[in-house]
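The values are calculated or read from the model by the stated rules, or taken from the named source; none is laboratory data. Not measured: the values here are computed from a predicted model. Positions of Cβ are backbone-derived with ideal geometry, glycine not excepted, and every protein chain shown enters the neighbour counts. The accessibility values were calculated without ligands, DNA or RNA, using every heavy atom of the protein model including side chains. Shrake-Rupley method; radii C 1.70, N 1.55, O 1.52, S 1.80 Å.
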Amino acid sequence: MRAFRYHRPADVAEAVAVLAAEPQAAYLGGGTNLVDLMKLGVQRPDVLVDVTRLPLDTVEGLPDGGLRIGATVRNSELAAHPVVRRDYPVLARALLAAASGQLRNMATTGGNLLQRTRCVYFQDTGKACNKREPGSGCAALHGQNRDLAVLDWSEQCVATHPSDLAVALAALDTVVEVHEADGPRDIPIADVYRSPGTHPERETTLARGALITAVRLPPLPAARRSTYLKVRDRASFAFAVGSVAAVLDLDGDVVRDVRLAYGAVAHRPWRAYRAEEELRGRPFSPELAARAADAELAEARPLRHNGFKLPLTRAITVRALTELASS
Ligand SMILES: Cc1cc2nc3c(=O)[nH]c(=O)nc-3n(C[C@H](O)[C@H](O)[C@H](O)COP(=O)(O)OP(=O)(O)OC[C@H]3O[C@@H](n4cnc5c(N)ncnc54)[C@H](O)[C@@H]3O)c2cc1C
Ligand code: SF4
């Protein structure tokens, strides 16, 4: 691992100023992703700006009934928060389905959202990877791509976004609060992540040096009936092979409102707008849920090893919604 400097800023403005002045600086949250990547030589920051002592560690109710979650709130704390458990169970479940207890105790909200892909070629500096080294090629396109994207990939990159939390936040129409060199900005989470296109090295629309300061959940009473289902290779301590975040609001048996987002299918958390359209205003049935998932996945392009993700995503959609409908 290369030598680096460690900086503990006094406030948000100082953190952002250091990133603006130092082109190779990076924010340090819990370090559970960044430090691993530094050990592997994938990321090589000169300066680590530790944001965990900034006053961004609270969860507070908002006057409109929503919730603001500070960027340094740890994943374990957030999963256990009584308001999150009561009003946004999808969020608590997504967090608890991720990583391990020890990792969740360290991992922060901001760091979780900006964690890097788990594509094995990205983590191996001996392999071609356009995301790590633009223009070098994509070893995964014709290599081991079982865990990678089926939607919205490009010839340059077929990676998926690994965060469970981001999938739940996508379903909840979360707003991400950032502080950039020219001041604070709110960005709907749907606009935060990019498709890989011809620049897979650019994963978000955030300016370089943008600090996530908080995420804001809108009030969504329907989210009390919400869940997160995750399929993984072992029962804990494993990334998703497929996942779904679901909110369901029924009027009798008719779907009044629904929110769905998928994990492990694309370069970004995938909000399933087409499936939602198919479901809204219709009497709920498992068959309808299956049709909705099929509508969402109609434009999927499975790779050589991951065609199974289509029936899997369909199955977890049906299961999550059917469970919610009968709860
Ligand atoms: C063995 C293992 C299993 C795991 N399993 C899962 C899983 O199943 N599901 C899942 O979702 N995750 C999983 N994870 C990933 C884990 O959730 C992330 O590593 C963690 O959430 C990252 O948070 P952090 O605070 O440690 O980020 P860090 O590692 O500190 O930072 C990650 C990135 O975010 C940037 N950053 C940090 N904070 C901010 C901020 N406030 N503003 C802007 N940029 C910032 C850093 O510069 C860095 O680029 C696993 C990790 C490991 C090691
Ligand atoms: S899929 Fe993306 S991250 Fe993986 S090797 Fe290809 S370019 Fe790199």
For this session: Could you figure out which of (1) outside any strand (DSSP E or B); (2) under 23 Å from LEU95 (Cβ atoms); (3) open to solvent by 30 Å² or more (accessible area, probe 1.4 Å) isn't true of LYS230?
Result: (1)
Problem set entry | Close pairs (6 angstrom Cβ cut-off, 6 or more residues apart or separate chains): under 18 Å from ARG194 (Cβ atoms) in the range 119-136, open to solvent by 50 Å² or more (accessible area, probe 1.4 Å) and within 16 Å of ligand 1 (Cβ to nearest atom) anywhere | LYS131/GLU201; PRO134/GLU201
Problem set entry | Which numbered condition ALA98 misses (of (1) within 13 Å of ligand 1 (Cβ to nearest atom); (2) of a type in the set (Gly, Ala, Ser); (3) surrounded by fewer than 17 Cβ atoms within 10 Å (Cβ to Cβ)) | (3)
Problem set entry | So PRO196, is it open to solvent by 10 Å² or more (accessible area, probe 1.4 Å), farther than 23 Å from LEU19 by Cβ and either in contact (Cβ under 8 Å) with a residue 40 or more places away in the chain or more than 15 Å from ligand 1 (Cβ to nearest atom) (or both) | no
For this session: Mind listing just one residue for me: the one in the range 34-92 that is part of a loop (DSSP other than H, G, I, E, B) and among the polar types (S, T, N, Q) and, of those, nearest to LEU220 (Cα to Cα)?
Result: THR58
For this session: For residues that are open to solvent by 60 Å² or more (accessible area, probe 1.4 Å) and over 13 Å from the mean Cα position of the chain (by Cα), scanning just the range 173-187, find the one that is nearest to VAL247 (Cα to Cα).
Result: ASP186
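Table: residues versus (1) in a loop (DSSP other than H, G, I, E, B); (2) open to solvent by 60 Å² or more (accessible area, probe 1.4 Å); (3) not aliphatic (A, V, I, L, M).
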{"site": "ARG234", "(1), (2), (3)": "yes, yes, yes"}
{"site": "VAL255", "(1), (2), (3)": "no, no, no"}
{"site": "TYR262", "(1), (2), (3)": "no, no, yes"}
{"site": "ALA266", "(1), (2), (3)": "yes, no, no"}
{"site": "THR317", "(1), (2), (3)": "no, no, yes"}
For this session: Check off (1) open to solvent by 30 Å² or more (accessible area, probe 1.4 Å); (2) closer than 26 Å to TYR88 by Cα for ASP164 and give me the number that stays unchecked.
Result: (1)
Exercise. Would you call GLU60 surrounded by fewer than 18 Cβ atoms within 10 Å (Cβ to Cβ), within 20 Å of ALA214 (Cβ to Cβ) and either among the aliphatic types (A, V, I, L, M) or in contact with a strand residue (DSSP E or B) (Cβ under 9 Å, 6 or more places away or on another chain) (or both)?
Worked result: yes
Exercise. Among (1) open to solvent by 30 Å² or more (accessible area, probe 1.4 Å); (2) within 13 Å of ligand 1 (Cβ to nearest atom); (3) touching a Lys or Arg at 6+ places or on another chain (Cβ under 6 Å), where does TYR121 come up short?
Worked result: (2)
Exercise. Of all the strands (runs of 3 or more DSSP E) wholly in the range 103-219, which have at least 1 residues that are away from ligand 2 (no atom under 11 Å from the Cβ) and of a type in the set (Asp, Glu)?
Worked result: 175-180, 183-188
